[in-house]
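One structure, as structure tokens, below. Some questions next.
Quick note: the coordinates plus some simple rules give every number you see, no bench work behind them. Just so it is clear, the model here is predicted, and its values are computed rather than measured. Methodologically, a virtual Cβ is constructed for each residue, glycine included, from the backbone with ideal geometry; neighbour enumeration extends over all protein chains shown.
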Ligand SMILES: [Fe+2]
Ligand SMILES: [Fe+2]
Ligand SMILES: [Fe+2]
């Protein structure tokens, strides 16, 4: 693998995570449990789409002059590099907010490292995104604690969400040849090195939320290398890409 | 305009107090929540602000319908920001209504069980991407016609909410126009979508102003109280006069063969919308009434455990703090 190819894969991983999660979160628009959540979820989705534009624009540049839209709208599922966690369906509000928290915690730690990237463009995107993500994490942590330590029903729903999502956490810390190249070039950290900090952060919030982390480190994998996505991604893309596919070449 | 056919309430109060109240309004002194006000003024305002707030909330649905299918990342971001703004408008307006003594939960329940209305326009479907442009251009455009004068309305909290809202609404209108312009200048299929959107949204947009109210006693009272600033016909005419040249610029045809410039009046002559259709929509028989209300009810019911959970947690925290003191 050339270093350009590895760099592109890394950028797609970052940009596809935010694109697919942004899409999922945006599905809530107009349907949230309370008006403040409608506003907050739209705002989170908007931030994630903005970050996508930056990551995918850079990926397209490395990929010989493609646009961020080309990459978002004209790739098929097997070329997506997001972790499986972000493509699972929203479920109830509890699952959505738990997924957001589990991702935000990783995202904030990752971006914190990327601010010091040897690649200035990566560092600049990370600096901008990390401010937004700090706020996402604060909000999702508070909500996870509020609902985990709320009523019996909200507690049960949050525990069910955590049980369902936990097997998708491990993939965020997987390490392959792409990661090795990025770490060697000091562009990005080895994801495995983020795990201790992540466990400490997530453990603290979930304890406050009176929730129990499943005693199982099994991890579903296949998203960030595109080897095997879930069945859900294809449906998401049929919706997201429909206009671009139905009217090729039109400009919007 | 998001508040249609708001009936003003009769008021039977001390004539001296009423006189003083009217004098304040005539002198453009704002009425604030703690000031004395006639019951009719309060009730009419709750109805009007509530209807406006509900329109912002239900109005999220036809636009949110396209967020996941927006054709570019840029358009997706613009639409997300707009829908977020609309939810924010709902929030300001519910807060303004609360200052009149009706809680957000109470007024929400009235929307959900059909006691209160929202604008008829949001009972029409958004069928193509051009509809998203048409909604910004025409629907936000019509809303602005009414809301700009309401910045000077007599009730302080309502007036201040309007000032914040108007800035964003005019931004929405420009972005909507830009989106439909792009399509009008695009491929044959895109032009077809743009024209089709205008065909479907033109008359429902004219209906947003409500039927003619020239002779309505209710409107006269609301206008004296400065909670209605212009007649429906004045605003509708202003909207048509503004919109026709914009459509011409796009090369789109307004679906009204009677439309023509009237040199003597200095305004466009135009056809009335089908008011029978309007009253059908108001009664609940629009293309989307049932689905819109069902979607809002589902969101509210599915969210009950979330609201309960967060409330229970807040209470525990407060109790913990008191115990620690
Ligand atoms: Fe609005
Ligand atoms: Fe609006
Ligand atoms: Fe608007």
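Please state, as a whole number in µm²/s, the translational diffusion coefficient that the Stokes-Einstein equation yields for the stretch A:1-131 at 20 °C and 1.002 mPa s, with Rh defined as the Kirkwood radius across alpha carbon pairs. Can you show the working numbers first?
Numbers: Rh = 15.2 Å.
Value of D from the Cα-based Kirkwood radius: 141 µm²/s.
Could you state the number of Å between the C-alpha centres of the stretch B:281-325 and the stretch B:121-190?
A separation of 28 Å, based on Cα centres.
Quick check on the protein assembly as shown: helices-only [θ] at 222 nm, where DSSP H runs of length 4 and up contribute -39,500 (n - 2.57) each and the sum goes over total residues. Nearest 500, please.
Numbers: 24 runs with 365 residues, N = 577.
After summing the helix terms and dividing by residue count, I get -21000 deg cm²/dmol.
Relative contact order of chain A: what whole-number percent is it, with Cα pairs under 8 angstrom and at least 6 residues apart?
On the way: 350 pairs, mean separation 61.1, N = 252.
Once divided by the residue count of chain A, the mean separation gives 24 percent.
Work out the P(r) tail for chain B: percent of alpha carbon pairs separated by more than 37 Å, whole number.
21 percent
Something else now. Could you state the number of Å between the C-alpha centres of the stretch A:1-44 and the stretch B:1-47?
Using only Cα atoms, the two centres lie 48 Å from each other.
Also, I was wondering about something else. Relative contact order for chain B: what is it in percent, counting Cα pairs under 8 Å that are at least 6 residues apart? Numbers along the way, then the final one.
On the way: 393 pairs, mean separation 63.8, N = 325.
Computed over chain B, the figure is 20 percent.
Please rank B:307, A:224, fewest neighbouring Cβ atoms within 10 Å first, as an exposure proxy.
Listing B:307, A:224 from fewest to most nearby Cβ atoms yields B:307, A:224.
How would you rank A:117, B:55, going from fewest to most other Cβ atoms within 10 Å of each one's own Cβ?
A:117, B:55
So if R0 is 45 Å, what FRET efficiency would residue A:124 and residue B:290 give, r being the distance between their Cβ atoms, rounded to the nearest 0.05?
0.35
Okay, next question. What's the angle, to the nearest 10 degrees (0 to 90), between helix A:35-62's Cα axis and the longest principal axis of chain A?
30 degrees
Which length gain, in nm to one decimal place, applies between residue A:210 and residue A:235 when the Cα-Cα distance is subtracted from 0.36 nm times their residue separation?
Separation in residues times 0.36 nm, less the Cα-Cα distance, equals 5.5 nm.
Could you give log10 I(q)/I(0) at q = 0.05, 0.07 Å⁻¹ for the protein assembly as shown, computed by the Debye formula over C-alpha point scatterers of equal weight, without solvent?
-0.25, -0.48
Using only atoms on other chains, find how many Cβ atoms lie within 10 Å of each Cβ of peptide B:84-93 and report the average.
Numbers: counts 10, 2, 5, 12, 5, 0, 3, 4, 0, 0.
The mean count of partner-chain Cβ atoms within 10 Å per residue comes to 4.
To the nearest 0.05, what FRET efficiency results for residue B:113 and residue B:248 with a Förster distance of 56 Å applied to their C-beta separation?
It comes to 0.80.
Right, something else. Work the Kirkwood hydrodynamic radius out for the stretch B:253-306: mean of 1/r over every pair of different alpha-carbon atoms, inverted, in Å.
Its Kirkwood hydrodynamic radius stands at 14.7 Å.
Let me ask another. Please work out the ratio of the alpha-carbon Rg of the stretch A:35-82 to 2.2 N^0.38 Å and round it to two decimals.
It is 1.39.
If you don't mind, there's one more thing I want to ask. Using the Kirkwood radius built from alpha carbon pairs, what does the Stokes-Einstein equation give as D for the stretch B:65-209 at 10 °C and 1.306 mPa s, in µm² per second?
97 µm²/s
Would you kindly give the portion of the calculated P(r) for the stretch A:110-252 that falls above 26 Å, as a percent of all Cα pairs?
Pairs farther apart than 26 Å: 45 percent.
R0 = 25 Å: FRET efficiency of residue A:2 with residue A:70, Cβ-based, nearest 0.05?
0.75
While we're on this one: Give me the log10 of I(q) over I(0) for the stretch A:3-246 at q = 0.11, 0.15 Å⁻¹, as the Debye formula computes it from C-alpha points; what are the numbers?
The Cα Debye sum returns log10 ratios of -0.54, -1.04.
Here's another thing I want to ask about it. Under a GNM of chain B (C-alpha, springs under 10 Å), which listed residue has the highest mean-square fluctuation: B:48, B:175, B:258?
B:258
For the stretch B:1-110, what is the per residue volume of the convex hull drawn over the alpha-carbon atoms, in cubic angstrom?
126 Å³
Could you tell me the distance between the Cα centroids of the stretch B:55-102 and the stretch A:135-212, to the nearest Å?
Using only Cα atoms, the two centres lie 30 Å from each other.
Per residue Cα convex hull volume for the stretch A:1-73, in cubic angstrom?
Hull volume normalised by residue count: 69 Å³.
Just checking the output field for B:57-68: average partner chain Cβ neighbours within 10 Å of each residue's Cβ?
Mean shielding by partner chains, rounded to a whole number: 4.
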